[in-house]
Amino acid sequence: MQDVEYEKMYGVEERHWWYRTLHELILATLRANIPGNLRLFDAGCGTGRLLQLAKPLGEVVGCDRSPHALARCRSRGVEAFNADLNALTLEPGAYNAITAIDVLYHGWIADEVAVLRRLREALEPGGLLILDDPAYEWLRGHHDRAVMTRRRYTLATRRRLLEQAGFRVERATYRNAILFPTIAAHRLLRRWSGRQGEASDVWMPSAPLNALCLAVGRLENRWLNRANLPFGSSVFAVARRLS
């Protein structure tokens, strides 16, 4: 991903409704599933906001291949190292949780199943993997070019890839269902108008709009704590290493 996209993400992710609701969902999932001290590895940690939020829960570390992103991790006071997930080797069984948030969809990933298998080996038996990635190929647009999207997912493709890598899928659900019609309309209208541009969708909305979307996202998270959603702009998955 280009440095400008990391910088845009760094500038908004502490306030932007999309990042805040996603991070809150991840933290709730970790608290509900990891008893005791968290040992978290964030694969493709970007600018380190999730690591910063998870740090009070235990030991956290991440990796990214972008020196620009790693510099932002250091500014947030979190540990992260330079690595390419295609060649990453981690200590077997070192972590009880791994996150890969909007990472495996990326054009830099050469073999997703191989990456997932390496992440699985780094989990202790019973350890948890949490993934989030963009949904539906028909939503592909200017944002995907800006952030180098290799693929978009359905629940079926996400389940299949996790199972091929040896995980047991505990849940796979869509996310951002309530706002999905607005998100889809925005993407499709830009495509049909021919005004795609080169910039991503990472921008800070007005304070009232951001507050409204944050409230909607938190309402949806309350539902996701109990049940799955049938559609949405992202695929959220939780899987476990059994042995």
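The values are calculated or read from the model by the stated rules, or taken from the named source; none is laboratory data. Keep in mind the model is a prediction, meaning the values are calculated, not measured. Virtual Cβ from ideal backbone geometry, glycine too; neighbours counted across all protein chains shown. In case anyone asks, the SASA skips ligands and DNA or RNA and just uses the protein heavy atoms, side chains included. Shrake-Rupley method; radii C 1.70, N 1.55, O 1.52, S 1.80 Å.
Open to solvent by less than 40 Å² (accessible area, probe 1.4 Å), under 18 Å from R158 (Cβ atoms) and part of a helix (DSSP H, G or I): does that describe V113? Judged against the criteria, V113 is a match. Of the residues screened, D144 is not one that is of a type in the set (D, E) and either touching a helix residue (DSSP H, G or I) at 6+ places or on another chain (Cβ under 6 Å) or under 25 Å from L38 (Cβ atoms) (or both). Of all residues in the range 91-109, those satisfying the criterion of being part of a loop (DSSP other than H, G, I, E, B) and touching a strand residue (DSSP E or B) at 6+ places or on another chain (Cβ under 8 Å) are G93, A94, D102, V103, L104, Y105, G107. Flag set for R218, criterion: closer than 27 Å to I98 by Cα, open to solvent by 70 Å² or more (accessible area, probe 1.4 Å) and of a type in the set (K, R). When you check R191 against the structure, is it assigned to a loop (DSSP other than H, G, I, E, B) and out of contact with any His (no Cβ under 7 Å at 6 or more places or on another chain), yes or no? Criteria not met by R191. Would you call R152 over 18 Å from the mean Cα position of the chain (by Cα), free of Cβ contacts under 8 Å to residues at least 60 places away in the same chain and buried (at least 19 other Cβ atoms within 10 Å of the Cβ)? Judged against the criteria, R152 is not a match.
The number of residues in the range 119-138 being outside any strand (DSSP E or B), surrounded by 19 or more Cβ atoms within 10 Å (Cβ to Cβ) and among the hydrophobic types (A, V, I, L, M, F, W, C) comes to 2.
A quick yes/no check of all residues on (1) out of contact with any Asp or Glu (no Cβ under 6 Å at 6 or more places or on another chain); (2) among the aliphatic types (A, V, I, L, M):
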| position | (1), (2) |
| --- | --- |
| I98 | yes, yes |
| Y105 | no, no |
| I109 | yes, yes |
| E121 | yes, no |
| E137 | yes, no |
| G141 | yes, no |
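Going through (1) polar (S, T, N, Q); (2) over 17 Å from F236 (Cα atoms); (3) within 17 Å of the chain's Cα centre (by Cα) one by one, T29 falls short only on (2). Before we move on, is A54 out of contact with any Ser or Thr (no Cβ under 7 Å at 6 or more places or on another chain), farther than 19 Å from E170 by Cα, surrounded by fewer than 16 Cβ atoms within 10 Å (Cβ to Cβ) and without any contact (Cβ under 8 Å) to a residue 60 or more places away in the chain? Spelling it out, it is not the case that A54 is out of contact with any Ser or Thr (no Cβ under 7 Å at 6 or more places or on another chain), farther than 19 Å from E170 by Cα, surrounded by fewer than 16 Cβ atoms within 10 Å (Cβ to Cβ) and without any contact (Cβ under 8 Å) to a residue 60 or more places away in the chain. Of everything in the range 59-73 that is open to solvent by 20 Å² or more (accessible area, probe 1.4 Å) and in contact (Cβ under 8 Å) with a residue 24 or more places away in the chain, the residue that is nearest to A28 (Cα to Cα) is R72.
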